[in-house]
Structure formats: C-alpha cells, structure tokens
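Reviewing the structure listed below.
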Amino acid sequence: MDFAFTDEQRQLQREVRGFLAANYPLDRDWENQDDRWQELAELGWLGGADLSFVEEAILFEESGYALYPGPFLVTVAFALPWLGAEDREAAAAGTTKWSAEDRGLVPWLGSVDMVVDSDGNAQPARGEELPTVDPTRPLGRLERTNGTPLPGARDVPRARTAMAAEAVGVAQRALELGVEYAKTREQFGKKIGVYQAVSHQLADTYADVELARSLAYWAAWCVAEEDERAPLAAAAAKAFATEAAVKACERSIQVHGGIGFTWEHPLHRFYKRALWLEGFGRRPAELRAEIADALLGVAVTA
Amino acid sequence: MDLRDTVEEGAFRAELRAWLDANLPEERRGWRGGEQRFGDDFGRAWSRKLYEAGYAGLTWPVEYGGAGSPYSFQAIFYEEMARAQAPAHVGVIGLGMAGPTIMAHGSDEQKQAHLSKILSAEEIWCQGFSEPDAGSDLAAARTRAERRGDVYVVNGQKVWSSFAHIADFCILVTLSDPDAPRYKGLTYLVVDMHSPGVEVRPLRQITGEAEFNEIFFTDVEVPVSNRLGDEGDGWQVAMTTLLHERGTLGFALTAALDVGVGRLVETAREHVNGDAGVRERIAAEWIEMQALRYTNYRSLGAYQRTGVPGPEGSAIKLRWSEQNQRLTKLGRELLGPEGILDDGWWHYQQLRSRGNTIEAGSSEVLRNIVAERVLGLPRSR
Ligand SMILES: Cc1cc2nc3c(=O)[nH]c(=O)nc-3n(C[C@H](O)[C@H](O)[C@H](O)COP(=O)(O)OP(=O)(O)OC[C@H]3O[C@@H](n4cnc5c(N)ncnc54)[C@H](O)[C@@H]3O)c2cc1C
C-alpha cells in the first residue's frame with residue numbers, strides 16, 4: 001500500500017508545471033491563446049509517451065492549474081479510448097484533434113478535426129458551435145453523417161476522473177490566489193488574513209482541495225489498474241472535485257473583494273472553468289444518485 | 001503508487017482477520033463506545049489480548065513492547081478492526097498521546113517503566129491539559145509546580161480530563177515559572193494518579209455518562225525524575241502530544257466512519273429507501289468518507305519517513321468531526337419518531353458527536369492551525 005507518486009512522476013509534475021507556467025502565465029493575452037498543440041505532441045502528452053493514467057491525471061491537474069486553453073481534455077481523456085492504432089498515432093503526432101459527443105453536445109466542435117459520436121462512430125467535426133460560460137470551451141451540436149464505426153469503447157471513469165483532476169488544479173490555483181491576496185492586502189491597519197472570517201474560508205478551501213485531490217488520485221489509480229471500483233471512484237471524484245473547485249473560486253472571489261469581481265482579474269476565468277467542469281457530463285447530484293444506487297440498490301418508489 | 005497490499009501487508013491482514021474471527025466474542029461486536037469500555041473487565045482483558053497477540057503498538061519499537069511494523073500495518077489494523085466492529089484498545093490516551101510523547105522526550109527509565117504497560121493496558125493514562133481558564137489557550141495553564149529538592153509540589157485544577165476516574169497516570173502541563181514569558185514557564189510532568197492529594201470528580205456529560213472529570217491537585221509531590229523534557233520546556237513537549245493526538249487518530253477515525261456509513265446504509269434500507277433526498281445525502285457521506293480515507297493514505301508516506309504526523313492532520317480531524325456529526329444526525333433522523341427514543345445507537349452517537357468538534361482542538365482552533373501553519377497566513381492572535 002503506497003499512495004505516493006514515484007520520483008519519475010514527481011519529475012513529470014515539475015516539467016508540466018514549468019512548461020505551462022512559462023507559456024500560460026496569469027498575465028497572458030487571454031483573448032488570443034495558442035494551444036501549442038505541436039509542442040504537446042512532441043512532449044508525448046497526446047498519447048505518444050505511453051503514460052499511465054495516473055501520469056495523465058497529473059497532466060490534467062496541471063492543465064487546470066494553468067488554465068490551459070486547448071482541447072487536451074477531450075482528445076486525450078474522451079476520444080483516445082475509442083481509437084484504433086492508426087488514429088491514435090495521428091492523434092499522438094498532433095495531426096488530428098478529436099472530440100467526443102456527450103448528450104448531444106461536442107466540446108470544441110469548431111476547433112477539432114474529428115468527433116466520436118454517441119454511437120461510437122467517427123465523424124468529421126461539422127456543425128454549429130455555441131459559446132459557453134468558459135470562453136475557451138465552446139460546445140457544438142454535431143451535424144451527423146453516417147460515420148465510420150470505431151474499434152474502441154467509451155471509458156466513462158476515465159473521462160470523469162480527468163475532469164476531476166482538472167478541477168483539483170483549478171481549485172488549488174484559486175486557493176493560492178486567495179492566500180496570496182490575504183497575506184498582502186491590508187484593511188483596518190492589518191493584513192486581511194488575520195481576520196478569521198477570511199482565513200477560515202481559506203482553511204475550508206484547503207481541506208476541500210486535499211480531499212478532492214485524494215479522490216482524484218484514487219480514481220486515477222483505479223482507472224489505470226482497471227480496478228473494479230473505478231466507476232464509483234470516478235463518480236465520487238467528479239462530483240466532489242468539481243463542486244470543490246466551484247466553491248474554492250467563489251470563496252477566493254469573496255476574499256478578493258471588488259477586484260475579484262472584475263474582468264481584469266484572472267479569477268473569473270478559473271471560476272468559469274470550474275462551472276464548466278461541474279456542468280458538463282453528469283452533474284454532481286446525478287453522480288451521487290448513481291452512487292446511492294450502488295450502495296442502496298435502485299430506488300423503489302412507493 | 002500502488003493501493004494493493006504488498007505480500008507482507010496481505011499476509012498480515014489475513015492473519016489479523018483470522019485472529020479476530022477466533023478471538024472476538026460475537027456479543028462484543030458493534031459496541032457503541034463510551035462508558036461501555038469500562039463497564040466490566042472485558043475492555044482491559046481484550047486490550048491485553050490484543051497486546052499479547054502483538055497487535056498493540058504495531059509501529060512502536062520492539063524494545064518497548066511494540067512490533068516495529070511500518071505505518072501501513074497500523075492502517076490495516078484499524079481497517080480490519082472496523083470491519084469486524086471490534087472494540088478498540090482501552091488505552092486511548094496512553095497509546096495515542098502519552099506513549100508517543102514519552103518515546104520522543106522521555107528518559108530510558110521512563111520508557112522502560114511505562115511503554116509496555118501502556119500497551120498491555122496495565123496502566124491507563126489520562127491527559128491533564130485543560131483548565132477552567134485555559135482551554136483552547138493551553139499556554140495560559142496555571143496549575144503550579146514548585147520545585148522543592150527532588151520533587152515538584154503541584155497545586156491546581158484540571159478539567160474535562162477523559163478517563164481520569166480510572167487512570168493510573170496523568171500527563172500534566174504545569175506552570176513552573178510564573179514570571180517567565182508566555183510559553184517559557186511551563187513544565188510537563190508524569191503524575192501517579194494514586195498519589196496523595198489527587199482528587200478526581202467525574203463530570204456528567206451530554207450523553208448522561210461521566211467519562212471526563214475534574215482533577216484537583218493539593219500539595220501533590222511528583223518526583224523530578226517524572227518530568228518529560230527540561231523544566232520550562234513543557235510547551236514543546238505538549239506540542240508533540242497534540243500533534244500525535246490529531247495525527248495518528250486519522251486512520252482510527254476514518255475506520256469508524258466506515259462503520260458509521262455502513263450502518264447508515266442498513267438503517268436507510270430498512271426505513272426510507274425510496275427518498276431521493278436521503279439517498280443523495282448518504283452518497284455524499286460515502287464520498288466524504290472515501291476522501292478522508294485516501295487523504296490518510298496520502299499522508300502515510302510522509303509519516304512513514306519522518307515519524308511525525310504533518311499539520312494536514314488538522315484538516316482530517318476537522319472534516320472527520322463535522323462529518324461524524326452530520327452522519328449520526330442523519331442516522332437518527334431516518335428512524336423517524338423512534339429516533340428520539342432514548343436507548344438507540346444513533347441516539348447515543350449523535351449526542352456524543354457534539355464533543356467531536358470541541359475535543360482534541362476545536363474546529364475553530366484547527367482552522368487557525370491550517371490557516372497559519374499550512375497556508376502561512378498571518379497569526380490571528
Ligand atoms: C469529550 C471531551 C473530552 C475531552 N477530553 C480532554 C482530556 O482528556 N484532557 C484535556 O486536557 N482536555 C480534554 N477536553 C477539553 C478540550 O480540550 C477543551 O474543551 C477544548 O480545548 C476547548 O477548551 P474550552 O472548553 O475551555 O473552550 P474555550 O477555549 O473557552 O472555547 C470556547 C469557544 O471559543 C472558541 N475559541 C477559543 N479560542 C479561539 C480562537 N483563538 N479563535 C477562534 N475561536 C476560538 C472555541 O473554538 C469554542 O468554540 C475534552 C473535551 C471534550 C468535549
């Protein structure tokens with residue numbers, strides 16, 4: 001029983017954090033972002049490096065922490081399990097970007113090349129794209145053709161765990177921004193962090209983030225090892241971590257006061273990513289209902 | 001990262017499971033805790049049995065009666081004890097607080113004198129930290145210890161001291177130098193509870209039982225050789241105790257939650273299975289319990305390396321206590337009118353859980369600790 005990252009995994013974590021921090025600083029030009037897809041391919045993050053899912057979870061967490069803008073989540077977490085060897089190679093090389101349909105909606109429809117539709121067919125990415133709460137994550141309605149059947153299968157736990165890991169990164173960043181601000185901002189002649197109404201909100205966020213991270217890593221390990229608990233662990237992780245991320249951002253906005261409510265401050269972008277992650281796929285309440293079915297048996301309504 | 005048992009861990013788990021099956025009487029499973037622990041001789045006898053089988057003090061060094069096993073064995077122990085719904089060892093304060101503090105700060109004689117007797121439940125210990133005017137603010141302790149030759153003469157009053165009414169020894173925080181600056185005038189003593197001048201008065205609790213007590217000290221003579229650490233170093237020694245109080249507790253607490261969630265599921269099945277709101281709340285408690293479990297696992301690695309629990313243990317204790325309050329309240333609520341009957345398991349657990357956010361560092365104090373020591377925010381005091 002050993003629930004710590006290996007030295008190599010920690011090394012990977014540092015590399016990812018470094019790459020994303022250098023290319024996606026908080027003072028970036030938010031309206032014109034480059035997804036650096038070719039660089040991701042070269043780093044092996046699009047499937048080329050044969051990472052285990054625990055390592056991929058590190059990538060997702062860091063992509064949330066940095067608020068990486070490209071369709072990494074959908075290509076690697078949603079679409080890859082469907083693809084045959086040739087398609088995987090093209091995806092890993094960065095030649096084809098993929099997305100996958102979920103309840104009629106396709107993330108990044110306008111910027112990917114191919115889509116896995118809800119019946120497991122490959123389709124060219126065509127259709128109407130709609131803006132969402134998170135400007136970097138539009139959703140589209142697929143214009144369906146017959147498509148070509150794909151050899152793989154849907155991996156729901158993998159997709160959910162990836163979203164949970166990303167949410168952990170978002171929550172961690174919102175916490176850090178709040179802590180930094182509480183250490184420096186002064187009111188009534190004191191740093192606002194001395195006021196417990198402020199510091200206790202951040203302490204609660206810390207506890208939330210640690211618990212969310214534990215669930216996300218547990219789920220990631222279950223997915224990587226094809227453990228039978230993967231579906232429940234992933235449902236738990238997505239429900240808890242995405243809610244934790246939303247709350248972390250809300251508390252951080254509150255701690256920032258007026259500046260936290262501005263477009264200029266980056267916090268709202270983390271908040272919007274958190275809301276997207278919470279809302280896409282199954283919502284937390286639906287996931288808890290799934291878990292309740294597993295614990296209590298399917299509900300018999302009188 | 002591998003959540004599976006290693007070969008050694010698997011063997012240990014299997015052996016422990018078999019041992020529990022063979023040695024734990026059916027009627028002693030699923031105890032509610034509290035006073036029942038000391039209601040008859042079973043508690044001490046059971047603790048001694050655990051000790052003789054090598055299951056008490058798993059991570060303690062062999063020379064002090066422990067098994068010298070890695071912390072993962074301790075985690076497995078709690079999991080299996082919870083699974084069997086076995087009563088815990090009765091030496092809660094000795095195992096979790098006094099023992100680790102003696103190991104960290106004690107002399108060889110002190111270690112020889114007490115450690116194996118804590119494990120065998122020959123010695124029951126209590127903790128004399130809180131006073132009427134010094135609760136969260138432990139540094140304000142006023143119980144006096146005056147040096148006279150090779151004894152300290154102790155006068156003063158402690159309060160809320162769990163198990164003091166049956167304890168043989170007490171870890172006591174005293175004020176030895178009233179003129180010293182804050183944190184510098186405290187001295188940490190081991191007091192024989194059978195000494196002349198020690199008087200214990202049980203206090204009745206919210207549950208109706210009396211598990212904690214006032215302790216009055218009147219000219220109690222404590223040999224200087226019973227001091228832990230140097231004179232004036234009591235604050236540092238007390239911090240060791242508190243760190244262990246919160247740190248090692250994590251696994252035991254989470255294991256108990258696991259039992260609680262299991263019971264909740266059973267209660268819900270019998271009473272309100274179709275209620276969507278209740279089903280969602282139960283799922284939420286299951287999720288939180290798993291989150292705590294794996295947070296413990298994550299802290300295990302660091303613990304194993306340093307032997308000292310990290311401050312994130314405060315977050316675990318904080319979340320555990322709040323969850324236990326929600327969980328037990330829900331269990332009782334599910335019973336409907338039966339839930340207010342005075343004799344049920346949920347009834348007792350729900351009332352007892354109100355103490356969880358006060359004992360071992362109140363939730364407010366724990367949030368201060370997380371804010372200041374983990375997040376590095378400026379001190380509020
Ligand atoms: C079941 C139980 C068993 C116990 N067993 C023992 C034992 O064996 N040995 C022992 O020594 N003690 C024991 N205690 C005592 C326990 O440690 C104290 O009750 C606790 O430290 C709080 O102290 P207090 O009761 O004086 O409350 P106070 O410290 O007066 O606190 C009252 C309220 O003020 C809040 N507060 C205090 N300071 C701050 C602050 N800085 N910031 C924000 N809020 C603050 C507290 O959180 C609390 O809500 C036990 C308590 C219980 C309930």
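Read-outs: derived from the displayed coordinates by stated rules, not from any lab. This is a predicted model, so every value here is computed, not measured. As a convention, Cβ positions derive from the backbone with ideal geometry for all residues, glycine included, and neighbour counts pool all protein chains shown.
Here are a few things to note about the model shown:
- Convex hull volume per residue, computed on the Cα atoms of the range B:125-232, equals 89 Å³.
- Residues in the range A:45-60 carry Karplus couplings, in order, of 7, 9, x, x, 8, 6, 6, 6, 5, 4, 6, 4, 4, 4, 4, 5 Hz; the curve used is 6.51 cos²θ - 1.76 cosθ + 1.60 with θ = phi - 60°, and Gly or Pro positions show x.
- Pairs of Cα atoms nearer than 8 Å and 6+ residues apart set the relative contact order; for the range B:12-150 it is 24 percent.
- Among B:THR254, A:THR242, a tally of other beta-carbon atoms within 10 Å of each Cβ gives an order, fewest to most, of B:THR254, A:THR242.
- Phi angles across the range A:263-276 convert, under the Karplus curve 6.51 cos²θ - 1.76 cosθ + 1.60 with θ = phi - 60°, into 3J(HN,Hα) values of 6, 5, 6, x, 3, 4, 6, 5, 4, 5, 5, 4, 5, 4 Hz, Gly and Pro given as x.
- Average beta carbon contacts from partner chains per residue of A:174-182, 10 Å cutoff: 2
- Highest to lowest packing among B:334-343, B:349-358, scored as the average C-beta count within 10 Å: B:349-358, B:334-343
- Using the Cβ-Cβ distance between B:GLN304 and A:LEU130 with R0 set to 60 Å, the FRET efficiency from 1/(1 + (r/R0)^6) comes to roughly 0.75.
- Here the range B:125-232 is assigned +1 on the Cβ of each Lys and Arg and -1 on the Cβ of each Asp and Glu. Its dipole about the Cα centre then comes out at about 160 debye.
- For the protein assembly as shown, fraction of C-alpha pairs farther apart than 38 Å, in %: 42 percent
- Each label was represented as a point 7 Å from its Cα along the Cα-to-Cβ direction; for A:TRP30 and B:ALA210 these points are 6.4 nm apart.
- Cα-Cα pairs of the range A:167-295 separated by more than 23 Å (percent): 37 percent
- Per residue, the average separation of C-alpha pairs within less than 8 Å and at least 6 apart gives the range A:50-116 a relative contact order of 27 percent.
- Each peptide among B:215-221, B:300-306 gets the average number of other Cβ atoms lying within 10 Å of its residues, and from highest to lowest they stand as B:215-221, B:300-306.
- Based on alpha carbons, the Rg and Dmax found for the range B:246-374 are 15.9, 51 Å.
- Distance between modelled label sites at B:SER362 and A:THR6, nm, 7 Å Cα→Cβ extension: 4.8 nm
- Under the combined filter of DSSP loop state and at most 12 neighbouring Cβ atoms within 10 Å, the range B:1-106 retains these trypsin sites (Lys or Arg not before Pro): B:ARG4, B:ARG29.
- Among the residues of B:296-303, the average count of other protein chain beta-carbon atoms within 10 Å of the residue beta-carbon is 4.
- In order through the range A:99-116: 3J(HN,Hα) via Karplus (6.51 cos²θ - 1.76 cosθ + 1.60), integer Hz, x for Gly, Pro: 9, 9, 7, 9, 6, x, 10, 10, x, 6, 3, x, 10, 9, 9, 10, 9, 8
- Protection proxy ranking, peptides A:104-115, A:141-152, B:59-70, average beta carbon neighbours within 10 Å, highest first: A:104-115, B:59-70, A:141-152
- nm² value of the averaged projected area, convex hull over the Cα atoms of the range A:17-125: 6.9 nm²
- Contact order normalised by residue count of the range B:274-379, Cα under 8 Å, 6+ apart, percent: 27 percent
- Against the main long axis of the alpha-carbon atoms of chain B, helix B:7-23 sits at an angle near 90°.
- Subset of A:LYS191/A:LYS247; B:LYS49/B:LYS111; A:LYS191/B:LYS184; A:LYS97/A:LYS247; A:LYS190/B:LYS184; A:LYS191/A:LYS272 violating a 30 Å alpha-carbon distance limit: A:LYS97/A:LYS247
- Stretchable slack from B:ARG147 to B:ASP343, in nm (0.36 nm times residue separation minus alpha-carbon distance): 65.6 nm
- Close amide-amide hydrogen proximity is noted between B:GLU131 and B:VAL159, each under 5 Å apart and 5 or more residues distant or on a separate chain (H modeled in the peptide plane; Pro and chain starts excluded).
- Calculated SAXS-style log₁₀ I(q)/I(0) at q = 0.22 Å⁻¹ - the range B:7-90, Debye, Cα scatterers: -1.11
- Estimated inter-spin distance, B:LEU203 and A:ASN23, nm [label 7 Å along Cα→Cβ]: 6.1 nm
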